Amino acid sequence: MSHITPFTPLLIGGSRTLSRTKSLIEDATSTVSKLVWGDGTKRDERYYIPDGNTVILVENVLFKVHRSTLTSDSSVFGTSLPPPKSSKNPSPPGESDENPFVLGGETPENFRTLLWALYALYESNSSCPKLVACSLERTEVSPQDIAVLYAPGADLDMITRIASGAHKYNFVKLDSWAADLLTSKLRERAKPENASSRFDFLLTLDYAVVSRKAQLKDEVVRIIKELVADDDIDYARVISFGGGRDHQATWQKVLGMVYYHYTIQGPRRWDRDRTRLSERARTLLFVAFARLVDMRKSEIVWEHTCGNEKGCAARLQRHLEAQIYVGSPADFASWVRCIPTQSFVVVSHSCIGRGVAALKERARVLEEPWDFFASLQW
């Protein structure tokens, strides 16, 4: 039994993804032994195909598929699957249920979805994926099943799994097709009649980032902004999911935005998620809240031209304290935006106007919130 050493299925991106996947597969082919059946091992109900010629074990599920399908489009399987049975190699891994090719670091659900796409949507030697009648007959996939992907209510999570699997195993054409379809679907989502459709945008963004699909990435970030603006997002899950990805610019942008809007809601809101937040995240929220509140109260420093620095600063402070603002005390950015500046420009009060400009400059750091939160971390 040849196997792939289990690994985290998170993609690394670019040639590193391909190199890592090939390395894991090739390392596994050096170990061959007989499969000792466990009580939980079973054949997949859909993709244990009678006339298949390659048996793949994913966790405790056996798949029997066609080698030509797995090796199409120069995928990593083309160089990683052992050679077919021959006189020199009478019992290669993948020839039977007792001696399967083991695919580690994968789940039956994700592999099943990838196979669905390979059989239903992919045609070897074609310039792009398309519907193929012979593929439909092999796996009993109906044209109606495929049409669902193009419908307004398409399962975007399924398309993401197809795209991720295709990228992971280097099915280049399938990867490109799935990314284009996802991008198109997310643009449709901008229309009012489609705005309520749900999908796991974190997995989609993760795929877009590691596969360097810029247009898809921009569409997902746009949707996240809309969800944050509507306060219709699971802040704790975003923080948890993105915690190990904050070295990437896109994730920094998303995490900064999410952290800021979550922070300004205050401790009572965070307390509802206390079991889902790490101690580090909770500490960061408290420190950020205190710092943002203090930004409203701390002294404003600017270069005065009025000759009465103390009186000018006091006048500005009185005006700021008189402003009616009903938002969060920590929402410094919104508070600054609400300060009327025109009244300081008239009747020779240009010096105070410069003070307001200095205050707005202080808020500029929150245009890219991650920089602010990164400065608070230890």
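The values are calculated or read from the model by the stated rules, or taken from the named source; none is laboratory data. Computed from a predicted model, the values in this text were never measured in an experiment. FYI the Cβ positions are ideal-geometry reconstructions off the backbone, even for glycines, and counts take in every protein chain you see.
Values computed for the structure shown
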{"quantity": "Residue that is surrounded by the fewest Cβ atoms within 10 Å (Cβ to Cβ) [pool: residues in the stretch 59-111 that are of a type in the set (Val, Ile, Thr) and touching a strand residue (DSSP E or B) at 6+ places or on another chain (Cβ under 8 Å)]", "calculated": "THR107"}
{"quantity": "Within the stretch 365-378, considering residues that are loosely packed, with under 13 Cβ neighbours inside 10 Å and at pLDDT 85 or above, the one farthest from the chain's Cα centre (by Cα)", "calculated": "SER375"}
{"quantity": "Residue count for the stretch 255-279, restricted to those that are touching a residue at least 24 places away in the same chain (Cβ under 8 Å) and more than 19 Å from ALA229 (Cα to Cα)", "calculated": "4"}
{"quantity": "Selection from the stretch 72-83 of residues that are under 29 Å from GLY40 (Cβ atoms) and of a type outside the set (Phe, Trp, Tyr)", "calculated": "SER75, VAL76, SER80, LEU81, PRO82"}
{"quantity": "Condition check for ARG245: more than 24 Å from ASP200 (Cβ to Cβ) and among the basic types (Lys, Arg)", "calculated": "no"}
{"quantity": "Helices (runs of 4 or more DSSP H) completely within the stretch 205-291 that count 1 or more residues being assigned by TED's automatic domain parsing to the domain that holds MET158, in contact with a helix residue (DSSP H, G or I) (Cβ under 9 Å, 6 or more places away or on another chain) and under 19 Å from LEU182 (Cβ atoms)", "calculated": "214-229"}
{"quantity": "Residue list for the stretch 61-87, restricted to those being in a loop (DSSP other than H, G, I, E, B) and either touching a residue at least 40 places away in the same chain (Cβ under 8 Å) or among the aliphatic types (A, V, I, L, M) (or both)", "calculated": "HIS66, SER75, VAL76, LEU81, PRO82"}
{"quantity": "Verdict on THR275 being surrounded by fewer than 19 Cβ atoms within 10 Å (Cβ to Cβ), over 19 Å from PHE372 (Cβ atoms), at pLDDT 90 or above and of a type in the set (S, T, N, Q)", "calculated": "yes"}
{"quantity": "Lone unmet requirement of (1) within 18 Å of LEU359 (Cα to Cα); (2) among the charged types (D, E, K, R); (3) part of a helix (DSSP H, G or I) for GLU299", "calculated": "(3)"}
{"quantity": "In the stretch 88-131, residue modelled with the highest pLDDT [restricted to those that are among the aromatic types (Phe, Trp, Tyr) and part of a helix (DSSP H, G or I)]", "calculated": "PHE111"}
{"quantity": "Qualifying residue in the stretch 341-364 (condition: part of a loop (DSSP other than H, G, I, E, B), aliphatic (A, V, I, L, M) and at pLDDT 80 or above)", "calculated": "no"}
{"quantity": "Pairs with Cβ under 6 Å, 6+ apart, first in the stretch 169-190 and within 16 Å of ARG212 (Cα to Cα), second in a loop (DSSP other than H, G, I, E, B) and polar (S, T, N, Q)", "calculated": "TYR169/SER75; ASN170/SER75; PHE171/SER75"}
